[in-house]
1. Can you say whether Leu6 is part of a helix (DSSP H, G or I) and either at pLDDT 85 or above or loosely packed, with under 12 Cβ neighbours inside 10 Å (or both), as far as the supplied structure shows?
2. Counting just the residues of the range 50-65 that are more than 20 Å from Tyr31 (Cα to Cα) and among the aliphatic types (A, V, I, L, M), which one comes out modelled with the lowest pLDDT?
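The values are calculated or read from the model by the stated rules, or taken from the named source; none is laboratory data. This is a predicted model, so every value here is computed, not measured. Cβ coordinates were reconstructed from backbone atoms using ideal geometry, including for glycine residues, and neighbour counts include every protein chain displayed.
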Amino acid sequence: MMAHTLFRNSIETMNETELFAKIQLELVNRYQVDPSLASEMAWDLMDMLSAVDGNFDIFEKYFLH
């Protein structure tokens, strides 16, 4: 839960729901992952990135486009 709280504070330009939806859609479309599994994977990825102080703007630029 701590990572999720840190994640909320680190996003300035995009809210977490939009980022979650983009990640989930990318997992489903690019890798043909089941939508329910993609949902779990998206939250886990967001938690992991926030735990290591990941740059979400760079992540969006290179992974989500």
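1. On the way: part of a helix (DSSP H, G or I): yes; either at pLDDT 85 or above or loosely packed, with under 12 Cβ neighbours inside 10 Å (or both): no.
Answer is no for this residue.
2. Initially, the range 50-65 is screened for residues more than 20 Å from Tyr31 (Cα to Cα), giving 50-58.
From what is left, the residues that are among the aliphatic types (A, V, I, L, M) are 51-52, 58.
Working: Ala51: 86, Val52: 85, Ile58: 82.
So the residue we want is Ile58.
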